[in-house]
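Quick notes on the structure that follows.
The values are calculated or read from the model by the stated rules, or taken from the named source; none is laboratory data. The structure displayed is predicted, hence computed values, not measured ones. When we count neighbours, we look across all protein chains shown, and the Cβ atoms used for this are built from the backbone with ideal geometry, even at glycine.
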DNA sequence: CTTGTATTTTAGTTTGATCTAAAGTTACGA
DNA sequence: TCGTAACTTTAGATCAAACTAAAATACAAG
């Protein structure tokens, strides 16, 4: 219930992750597969922000790392998010919103392997 | 109850304004007086963001413009903010947090009048 | 120990958010 | 109508969030 929580859920990208994790545990890799427009590294960084804010936690599981939401940390905001996600209009807006809110460099061509 | 609300309360500066307005109406000028580290223009811009998110509204009053919080738009988040503000520890942290989270240019010396 | 897979961390880049300063707008009152 | 006060908007500057690519780490299994 502090400022870090509020700024954590202020980011559409992080809300996207929360939504994926809302009713299932997922590995970092699975989260990344569901977010094809960013690199694995970017997902990992946002997971760290969420973890530092206490909104998600992870445990090792063989060679994987499994993430889950800590709903209790969200308090009443959890219900708000659920309402937003249940709203069909919101779903339609999601893609546009993510595209709009993109920051950072555009994808670059991977340098072709030196031979 | 949409994404604009969540990103609006994600900013410490805007939460500071919400707090000032929480239990009283204030003119834009009065808000600025309570925030001596930013210019009037910056306050006005943040008030616009809050108004666009539906979190505050304003009405003209003679030569002034009076702002007030629309608590109903905040839903359960309002109670969360109150809890945060009631927490004495949070109060101690406020100044440091604002200093840390500053963005944009540092104040420049006002150019001395050409003579 | 080596190889491969999963993830984190680092270094560097881009862009939007936030700011300042100044110009523009609106409304009151002399 | 003119001036002034209150506020908003614009143009430009700076900073940190969010990204990419690549290097580093962790850990399992052969």
Selection count, the stretch A:59-75, where residues are part of a helix (DSSP H, G or I) and surrounded by 13 or more Cβ atoms within 10 Å (Cβ to Cβ)
3
Checking residue B:69 against (1) within 14 Å of chain A (Cβ to nearest Cβ); (2) modelled with pLDDT of 95 or more, the condition it does not meet
(1)
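Rundown of residues vs (1) within 14 Å of another protein chain (Cβ to nearest Cβ); (2) touching a residue at least 40 places away in the same chain (Cβ under 8 Å); (3) part of a helix (DSSP H, G or I), yes/no style:
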{"residue": "A:6", "(1), (2), (3)": "yes, no, yes"}
{"residue": "A:13", "(1), (2), (3)": "yes, yes, yes"}
{"residue": "A:23", "(1), (2), (3)": "no, no, no"}
{"residue": "A:29", "(1), (2), (3)": "no, no, yes"}
{"residue": "A:36", "(1), (2), (3)": "no, no, no"}
{"residue": "A:41", "(1), (2), (3)": "no, no, yes"}
{"residue": "A:47", "(1), (2), (3)": "no, no, yes"}
{"residue": "A:57", "(1), (2), (3)": "no, no, no"}
Can you tell which of A:6, A:92, A:47 is within 14 Å of the chain's Cα centre (by Cα) and either closer than 28 Å to residue B:50 by Cα or modelled with pLDDT of 95 or more (or both)?
A:47
